[in-house]
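Just below is one structure, and these are the notes that go with it.
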Amino acid sequence: MSNLRRLIRNLGRTTSSGMGFQPARSTEHATQLLVAAEVGSGPEAKAAVEAGAHVIVASAGAVTEAVAAADGRPVGVRLEAASAEAIASAVAAGADFVVFDDERTPAVALLSPHDAIREPLGRVLILGADRDEERLRSVAALGADAILIDDVAAELTVRDQLSMRRISELTGAPLAAGAAATPSTDVLRTWRDAGAPVVFVRGDAERVRAAVVAAAQVPPQRRPRDDRAVLIPSLAPHTHDDDDDDDDD
């Protein structure tokens, strides 16, 4: 399991305290979203870490510096047209995952012979405008750790939200939402509820810090209430056999 996938999997989990028969007490609600800061240099990576970013996404030439500044946080590299050589170089520099465009990346680049050396390489696929069902189901075969949708609208309609959930369900992967501007807590909450527990933020440390603060205020997701389930009566004609079954009970 890649470091990125492990981090996403642990979202929303709280630790608890309590011994013996004492009731366990949960700590403050756990992180609901990951803020991934897109940086282009070591100093930008350091500033993003100080601002509270959980994940760093560096340009190809800044991976080594970003890893040094990341303080143990997962570091990815954005290589839209990722070659095998570029991925190998990024992994050698300490990258944990790659963000790539499947239309421009040779299949051989993802064979990852270096996986035996370190943690499995995480994969984040950039999803373009082609989002029909056949396309999304084919993406599921990649087993991506996340699907990145750049420039997600801040004001999602209910239909937009359902469309995003459909992408996540058909690809079998959580979504990462690319933020064109600094998202508010309410915006992040709608994204999280649409299946996007990761937000990619571009910009200076102040923008990253604002996104981190907003993400920290997103409440835990509510579990659906049982009494909201709607029982739909059968449309099949009621037969004599059904009456006999009822009598037997």
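Rounded to whole Hz and in sequence order, give me ³J(HN,Hα) for segment 85-96 from the Karplus expression 6.51 cos²θ - 1.76 cosθ + 1.60, θ = phi - 60°, writing x for Gly and Pro.
Working through the residues one at a time gives 5, 5, 5, 4, 5, 5, 5, 4, 7, x, 5, 9 Hz.
Dipole size in debye (nearest 20) for segment 30-224 around its Cα centre, Lys and Arg Cβ +1, Asp and Glu Cβ -1?
580 debye
I'd like the antiparallel share, as a percent to the nearest 5, of DSSP beta bridges with both residues in segment 30-224. Provide the component values of the computation, followed by the final result.
Working: 0 of 29 bridges.
Among the beta bridges of segment 30-224, antiparallel pairing accounts for roughly 0 percent.
Based on the alpha-carbon gyration tensor of segment 30-224 and its eigenvalue square roots a ≥ b ≥ c, which shape applies: rounded if a/c is under 1.5, prolate if not and a/b is larger than b/c, or oblate?
Oblate.
May I ask you to sort Val91, Val108 by Cβ crowding, counting other Cβ atoms within 10 Å and putting the fewest first? Let's see the in-between values first.
Details: Val91 22, Val108 8.
Exposure proxy ranking, most exposed first: Val108, Val91.
Sorted by packing (mean other beta-carbon atoms within 10 Å per residue), highest first, where do 149-155, 78-84, 55-61 land?
55-61, 78-84, 149-155
Fewest first, what order do Phe200, Phe100 take by the number of other Cβ atoms within 10 Å?
Phe100, Phe200
FYI, it's all coordinate maths here, none of it is from the lab. Predicted model only: the values in this text are computed from it and were never measured. Every residue, glycine among them, receives a Cβ derived from its backbone with ideal geometry; neighbour counts consider all protein chains shown.
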